[in-house]
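First the structure, which I've put down as structure tokens, then a few questions once you've had a look.
The values are calculated or read from the model by the stated rules, or taken from the named source; none is laboratory data. As the structure is a prediction and not an experimental result, all values here were calculated from the model. In this analysis, Cβ positions are derived from the backbone assuming ideal geometry, glycine residues included, and neighbour counts consider all displayed protein chains. Protein only, heavy atoms only, side chains kept; ligands, DNA and RNA dropped before computing areas. Shrake-Rupley method; radii C 1.70, N 1.55, O 1.52, S 1.80 Å.
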Amino acid sequence: MKRKLIAAIGIAGMMVSIAACGDDKDSGGSDKGTDAKELTVWLTVDAQNNWPELVKAADAAVQKKHPGVKITHEYYGWPDKNAKLDAVLATDKVPDVVEMGNTEMLSYMVKGAFAPLDAAKFDNSSAWLDGLKASVTYEDKTYGVPYYAGGRVGNWRKDLFASAGVKAAPKTYAELTAALDKVQKKEGDKFSSWYQPTRDWYAAMSFVYDAGGSIAKEEGGQWKGNLSSPESLKGLNEYKNVVDKYMHGDKTKDESDRHIVYGQGKSGMIFGAAWEGATAEAPENDKSGKLKGNLENFVMPGPSGKNLPVFLGGSDLAVPVKSDAQELAAEWINAFTGPAGQKGLMAKGNLPNNKTDLATLKNDPKTVVPATAAESNWFVPMAPGWGQVEKAQVLQTMLQSIGTGKKTVEEAAKEADAAIDKVINTK
């Protein structure tokens with residue numbers, strides 16, 4: 001599952017009063033709303049359409065403990081959710097629980113929109129997946145609870161690789177590149193043995209983190225771009241090598257329509273969200289008729305010799321700082337994201353929020369690949385100005401310059417670091 005930063009960054013003026021309301025909070029949580037009689041929960045339509053029974057179960061658990069409590073739900077689509085949230089946060093009638101994409105959390109935490117929570121009060125918090133834990137943590141305080149996640153995997157056409165003499169999915173990076181070389185030679189230079197959109201920064205940064213690099217690092221309370229470090233350059237150079245050798249499509253594209261391009265039958269492999277392979281082989285996308293029954297997910301091996309670390313997209317649940325029912329909201333979140341909720345979410349094809357439940361998915365052949373891939377993960381820098389870096393598409397610009405040959409890796413990385421440094425510490 002992929003979550004883009006939809007949240008508007010220019011909400012500083014609206015957030016001034018919110019930040020002031022949050023100044024007296026501490027990381028231990030709040031006793032605000034211990035006797036609340038109403039609770040308003042905002043979720044996306046994913047919950048409404050795909051697991052409404054889990055919502056009802058959380059309601060029932062809270063109402064059993066607090067008889068007479070009225071729980072109201074509102075459901076929103078991802079494109080319009082944050083505009084509605086921004087508008088209501090400027091008033092005194094806020095929801096008590098709100099679902100956020102995990103990359104949306106940061107700008108709201110920076111501005112003081114959410115109440116700090118006591119992580120110890122939430123089941124499995126000690127085992128939250130690292131990337132998900134990072135998404136709800138700012139300045140050593142917890143401002144949300146991971147809800148569920150989706151990872152990234154390799155996906156290839158078994159028939160195509162078998163025709164080139166490759167019988168099994170790769171376990172090492174050397175096996176992967178050897179297989180790609182065979183397919184590329186067999187199919188010719190108008191074919192992409194690996195369709196890897198150049199601007200896909202989620203994939204590119206996986207190579208950076210695999211090499212020991214990072215997008216940015218914090219030193220002495222200040223963040224600085226780290227893409228031109230030796231480690232990061234090593235990862236970026238390998239990403240360029242992939243794009244140069246195996247990607248023979250438009251090198252100015254991003255990953256938004258990758259599943260559609262894959263369905264055209266002119267590529268042999270992708271690295272993307274776990275759902276993309278199944279979507280590519282759906283009748284409306286499989287225009288070549290070559291994908292259905294021929295696709296296989298596999299854990300992406302990295303050049304380091306370990307599994308390639310993947311970005312975890314997903315959702316978090318937060319409590320607005322203006323809520324009058326913060327304790328009740330926290331109880332509802334725990335009922336929804338606790339053991340029973342995680343079991344239900346996994347049954348719907350989602351990754352859980354914690355390592356304990358994730359380990360159980362490795363025992364099932366149907367889920368072992370995404371579960372194994374998610375064990376090694378990374379997340380964006382939790383710096384106050386990260387939202388501005390995303391909004392300016394600094395990474396995409398760098399990658400396009402590298403992929404098209406407009407700039408060398410070193411030149412593009414140095415420029416990206418300079419652009420990052422200008423905004424990454426700005427609240």
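With the requirement that a residue be over 17 Å from the mean Cα position of the chain (by Cα) and either of a type in the set (Ser, Thr, Tyr) or not in a loop (DSSP other than H, G, I, E, B) (or both), what does the stretch 370-409 give you? Quick ask: steps written out before the conclusion?
Step one: list which residues in the stretch 370-409 are over 17 Å from the mean Cα position of the chain (by Cα), which gives 384-385, 388, 392, 394, 397-409.
Hits for the stretch 370-409 are Gln388, Val394, Thr397, Met398, Leu399, Gln400, Ser401, Ile402, Gly403, Thr404, Thr408, Val409.
Taking the stretch 112-131, which residues are open to solvent by less than 20 Å² (accessible area, probe 1.4 Å) and at pLDDT below 95?
Scanning the stretch 112-131 gives a single hit, Gly131.
Same structure, new question: Filter the stretch 155-182 for residues that are touching a strand residue (DSSP E or B) at 6+ places or on another chain (Cβ under 8 Å), closer than 16 Å to Gly265 by Cα and not aromatic (Phe, Trp, Tyr) and give the result.
Asn155, Arg157, Lys158, Leu180
Every residue in the stretch 299-308 that is open to solvent by 10 Å² or more (accessible area, probe 1.4 Å) and either of a type outside the set (S, T, N, Q) or in the same structural domain as Ala374 (by the TED database) (or both), please. Explain how you work it out, then say what you get.
From the stretch 299-308, those open to solvent by 10 Å² or more (accessible area, probe 1.4 Å) are 299, 303-307; that's our starting set.
Listed by number, the residues that qualify are Val299, Pro303, Gly305, Lys306.
When you look at Phe207, is it of a type in the set (Phe, Trp, Tyr), out of contact with any Pro (no Cβ under 6 Å at 6 or more places or on another chain) and open to solvent by 10 Å² or more (accessible area, probe 1.4 Å), yes or no? If you could, list the steps in order and put the result at the bottom.
On the way: of a type in the set (Phe, Trp, Tyr): yes; out of contact with any Pro (no Cβ under 6 Å at 6 or more places or on another chain): yes; open to solvent by 10 Å² or more (accessible area, probe 1.4 Å): no.
In short, no.
Val243 - would you say it is modelled with pLDDT of 95 or more, in contact with a Gly (Cβ under 8 Å, 6 or more places away or on another chain), farther than 13 Å from Gly268 by Cα and open to solvent by less than 30 Å² (accessible area, probe 1.4 Å)? Give the derivation first.
Working: modelled with pLDDT of 95 or more: yes; in contact with a Gly (Cβ under 8 Å, 6 or more places away or on another chain): yes; farther than 13 Å from Gly268 by Cα: yes; open to solvent by less than 30 Å² (accessible area, probe 1.4 Å): yes.
Criteria met by Val243.
Tell me, please, whether a residue that is modelled with pLDDT under 95 and small (Gly, Ala, Ser) can be found in the stretch 400-419. First the steps, then the outcome.
Pass one, the stretch 400-419, residues modelled with pLDDT under 95: none.
Scanning the stretch 400-419 turns up no residue that is modelled with pLDDT under 95 and small (Gly, Ala, Ser).
If I filter the stretch 19-65 down to residues being at pLDDT below 95 and hydrophobic (A, V, I, L, M, F, W, C), which single residue comes out as nearest to Glu331 (Cα to Cα)?
Applying the filter and picking the extreme gives Ala36.
Give me the pairs, please: first residue somewhere in the stretch 394-420 and open to solvent by less than 10 Å² (accessible area, probe 1.4 Å), second residue anywhere and aromatic (Phe, Trp, Tyr) and assigned to a helix (DSSP H, G or I), beta-carbon distance under 7 Å, and either six or more positions apart or on two chains.
Close Cβ pairs (under 7 Å, with a partner that is aromatic (Phe, Trp, Tyr) and assigned to a helix (DSSP H, G or I)) amount to Leu395/Trp201; Leu399/Trp201.
Related question: Pairs needed: first member in the stretch 39-66, open to solvent by less than 60 Å² (accessible area, probe 1.4 Å); second member anywhere, part of a helix (DSSP H, G or I) and among the basic types (Lys, Arg); C-beta distance under 7 Å; at least 6 residues apart or different chains.
If the second residue must be part of a helix (DSSP H, G or I) and among the basic types (Lys, Arg), the pairs left are Thr44/Lys81.
What pairs come up if the first residue lies in the stretch 222-237 and is in the same structural domain as Gly405 (by the TED database) and surrounded by 22 or more Cβ atoms within 10 Å (Cβ to Cβ), the second is among the aromatic types (Phe, Trp, Tyr) and assigned to a helix (DSSP H, G or I), and their beta carbons are under 6 Å apart, counting only those six or more places apart or on different chains?
Cβ pairs passing all conditions: Gly235/Phe207.
When you look at Ile71, is it open to solvent by 20 Å² or more (accessible area, probe 1.4 Å) and at pLDDT below 95, yes or no?
On the way: open to solvent by 20 Å² or more (accessible area, probe 1.4 Å): yes; at pLDDT below 95: no.
Taking the combined requirement at face value, the residue does not satisfy it.
Moving on to the next point. Look through Asn363, Asn354 and report the one residue that is modelled with pLDDT under 95, in the same structural domain as Pro95 (by the TED database) and either over 15 Å from Ala58 (Cβ atoms) or surrounded by fewer than 22 Cβ atoms within 10 Å (Cβ to Cβ) (or both).
On the way: Asn354 fails: modelled with pLDDT under 95.
The unique qualifying residue is Asn363.
Right, next: Using beta carbons and a limit of 8 Å, which pairs, at least six apart or on different chains, have the first residue in the stretch 83-109 and closer than 20 Å to Leu328 by Cβ and the second one charged (D, E, K, R) and surrounded by fewer than 24 Cβ atoms within 10 Å (Cβ to Cβ)?
Partner pairs satisfying both residue conditions: Leu89/Lys322; Asp92/Lys322; Val94/Lys322; Pro95/Glu74; Asp96/Asp324; Glu99/Lys81.
What's the total number of residues in the stretch 159-169 that are more than 27 Å from the chain's Cα centre (by Cα) and crowded, with 17+ Cβ neighbours inside 10 Å? Working first, answer last.
Initial filter on the stretch 159-169 (more than 27 Å from the chain's Cα centre (by Cα)): 159-168.
From the residues that got through so far, the ones that are crowded, with 17+ Cβ neighbours inside 10 Å too are 160-161, 164, 166.
Here the count works out to 4.
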